[in-house]
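The structure under discussion appears below in the form of structure tokens.
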Amino acid sequence: MATYLRIVDVKLTTTTEAFDLPEWKSLLARDPNRHIFLTQEYNRVWWEAFGSNKDLYVLTFLDPEPVGLAALMRDETDRGRRLRFLGGDDLSDYLGPITAGEEYHPLVADALLSYLTKEMVDWDYFDAKCLPVPMGIADRMVDAADRLGLDFTIEQDEITAVLSLPEDFENYLDKLDRKNRHELKRKMRRLDREAPGSRLVTSQPETMDQDLLAFFGLHLHSEGLKGKFLRPERATFFARLAEVFAPRGMLSLDFLEIDGKKIASTFSFVFEETFYLYNSAYDPSLKRLSPGLILVTKLIQRSIAQGHRLFDFLRGSERYKFDLGAEALPLHSLVISRG
């Protein structure tokens, strides 16, 4: 163990036993900014799907009890040996360390970069993306990098869109911009008029395999980049997520159906009173009916009824998210170089 900044010890785990560390779960329960992408379950599934040709480094910070944990991975790029937070940035919308509270952010950031600098010499740059700006962890890492004399660049990279949910659906509609509320109600009336048999359907354990195939099919027939998103390894990843999260009540695979035909679908997580809209697809031949928008609206209505606190649209600046009342949450992108 190595000691930095006060009495913080750093414990390194480099095998998949890291996903069974008891402090991972206990620290996550104490982190006020915890989210689905920090869970052991998500990171284990991601590593099993995409961890080949990468090295795993899970650091536990002790003071003397666990106060933080950072799951990292290393791979090779044209720029050299790259460190990243586990999960990458293509399928994980939020990244960063786990801490026992915001007061530990400076301590964990300093211990993390001190350990990487003094104990792990086999890396060239740390590419840290998808760090939520309001949580401040990127700023604390910049402070630590500056103290250690490391070169860095930081910028606001992407955004996510988050909707705070009121107590009832009518109150939600009332809070929408007048124009957006009128447009949403118009589209809902049109669907009811042209497809009176439409309904929201949620996958059940006995239909999950068949429903995943329907979700994949909608994806593959989508227009533009979305139609190219679901490569075989990603389809396997989504299937594995469903297998792990559905029995825990943490996954929601939903469809908008018209007379038994699935015309839109969403693949979502449910965690800590937050509904995470992770992925979606719809039948482009029925675009005029706005099936994707209607499905998401129905999910917002259901989330309110179930008492969820937040509806997180996750990454992306698509206009419909903000038309539905979401607010932007910016993400920091930080690159730290050894020099």
Item to complete: Give region 171-201 a look and list any residue that's among the acidic types (Asp, Glu), in contact with a helix residue (DSSP H, G or I) (Cβ under 8 Å, 6 or more places away or on another chain) and farther than 24 Å from GLY307 by Cα, or say none.
Response: GLU183, GLU194
Fill in: Any hit, region 119-127, residues being free of Cβ contacts under 8 Å to residues at least 60 places away in the same chain, over 15 Å from PHE152 (Cβ atoms) and not charged (D, E, K, R)
yes
Worksheet entry | Filter result (loosely packed, with under 13 Cβ neighbours inside 10 Å and assigned to a loop (DSSP other than H, G, I, E, B)) within region 210-250 | GLU223, GLY224, LEU225, ARG231, GLY249
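Starting from residues that are assigned to a loop (DSSP other than H, G, I, E, B) and of a type outside the set (S, T, N, Q), keep the ones in region 19-40 and report whichever is nearest to VAL270 (Cα to Cα).
Within region 19-40, the first condition is being assigned to a loop (DSSP other than H, G, I, E, B), and the residues that meet it are 21, 31-35, 39.
Adding the requirement that they be of a type outside the set (S, T, N, Q) leaves 21, 31-32, 34-35.
On the way: LEU21: 23, ASP31: 17, PRO32: 17, ARG34: 13, HIS35: 10 Å.
Per the stated criteria, the residue is HIS35.
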Practice prompt. Within region 160-177, count every residue that is closer than 20 Å to LEU314 by Cβ and touching a Lys or Arg at 6+ places or on another chain (Cβ under 7 Å).
Written response: 3
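Restricting the search to region 12-27, which residues are touching an Asp or Glu at 6+ places or on another chain (Cβ under 9 Å) and either modelled with pLDDT under 95 or farther than 16 Å from ALA70 by Cβ (or both)? Before you say what the answer is, go through the steps one by one.
Keep residues of region 12-27 that are touching an Asp or Glu at 6+ places or on another chain (Cβ under 9 Å), which gives 12, 14, 16, 19, 23.
Of everything in region 12-27, just one residue is touching an Asp or Glu at 6+ places or on another chain (Cβ under 9 Å) and either modelled with pLDDT under 95 or farther than 16 Å from ALA70 by Cβ (or both), namely THR16.
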Practice prompt. Evaluate region 318-333: report whether one residue or more is in a helix (DSSP H, G or I), modelled with pLDDT of 95 or more and surrounded by 20 or more Cβ atoms within 10 Å (Cβ to Cβ).
Written response: yes
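Given region 94-209, what strands (runs of 3 or more DSSP E) lie entirely inside it while holding 2 or more residues that are surrounded by 22 or more Cβ atoms within 10 Å (Cβ to Cβ)?
Numbers: elements: 125-132, 151-164, 198-202.
So the answer is 125-132, 151-164.
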Worksheet entry | Number of the exception - VAL270 against (1) of a type in the set (A, V, I, L, M, F, W, C); (2) surrounded by fewer than 20 Cβ atoms within 10 Å (Cβ to Cβ); (3) more than 22 Å from LEU324 (Cα to Cα) | (3)
Item to complete: Give just the number: which of (1) over 30 Å from MET120 (Cα atoms); (2) of a type outside the set (Asp, Glu); (3) buried (at least 17 other Cβ atoms within 10 Å of the Cβ); (4) more than 16 Å from the chain's Cα centre (by Cα) does ILE336 not satisfy?
Response: (1)
Discussion item. Looking at region 261-268, can you tell me whether even one residue there is in contact (Cβ under 8 Å) with a residue 60 or more places away in the chain and of a type in the set (Ser, Thr, Tyr)?
Written reply: no
Item to complete: Would you please list the contacts, defined by Cβ atoms under 7 Å and residues six or more apart or on different chains, that run from a residue in region 300-324 that is under 22 Å from LYS129 (Cβ atoms) to a residue that is in a helix (DSSP H, G or I) and modelled with pLDDT of 95 or more?
Response: PHE313/LYS321
Worksheet item: Would region 5-18 turn up any residue that is assigned to a helix (DSSP H, G or I) and of a type outside the set (Ser, Thr, Tyr)?
Response: yes
Item to complete: Being under 21 Å from LEU38 (Cα atoms) and among the acidic types (Asp, Glu) is the filter here, so list the residues in region 101-132 that pass it.
Response: GLU102, GLU103, ASP110, ASP127
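Only one residue in ARG234, ARG288, ARG190 is more than 21 Å from the chain's Cα centre (by Cα) and in contact (Cβ under 8 Å) with a residue 12 or more places away in the chain. Which one? Working first, answer last.
Details: ARG234 fails: more than 21 Å from the chain's Cα centre (by Cα); ARG288 fails: in contact (Cβ under 8 Å) with a residue 12 or more places away in the chain.
ARG190 is the lone residue from the list that is more than 21 Å from the chain's Cα centre (by Cα) and in contact (Cβ under 8 Å) with a residue 12 or more places away in the chain.
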Worksheet item: Any chance region 108-116 includes a residue that's charged (D, E, K, R), touching a residue at least 40 places away in the same chain (Cβ under 8 Å), closer than 20 Å to LEU310 by Cβ and in contact with a helix residue (DSSP H, G or I) (Cβ under 7 Å, 6 or more places away or on another chain)?
Response: no
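If we keep just the residues of region 291-307 that are polar (S, T, N, Q) and in a helix (DSSP H, G or I), which is nearest to the chain's Cα centre (by Cα)?
If we filter region 291-307 for residues that are polar (S, T, N, Q), which is where we start, we get 297, 301, 303, 306.
Cutting the leftovers down to in a helix (DSSP H, G or I) gives us 297, 301, 303.
Numbers: THR297: 20, GLN301: 21, SER303: 18 Å.
That would be SER303.
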Discussion item. Whether any residue in region 269-278 is over 20 Å from the mean Cα position of the chain (by Cα), closer than 21 Å to SER317 by Cβ, touching a residue at least 24 places away in the same chain (Cβ under 8 Å) and not in a helix (DSSP H, G or I) is what I want to check.
Written reply: no
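The values are calculated or read from the model by the stated rules, or taken from the named source; none is laboratory data. Everything quoted here is computed from the prediction, not taken from an experiment. Using ideal geometry, Cβ is built from the backbone for each residue, glycine included, and neighbour counts are taken over all protein chains shown.
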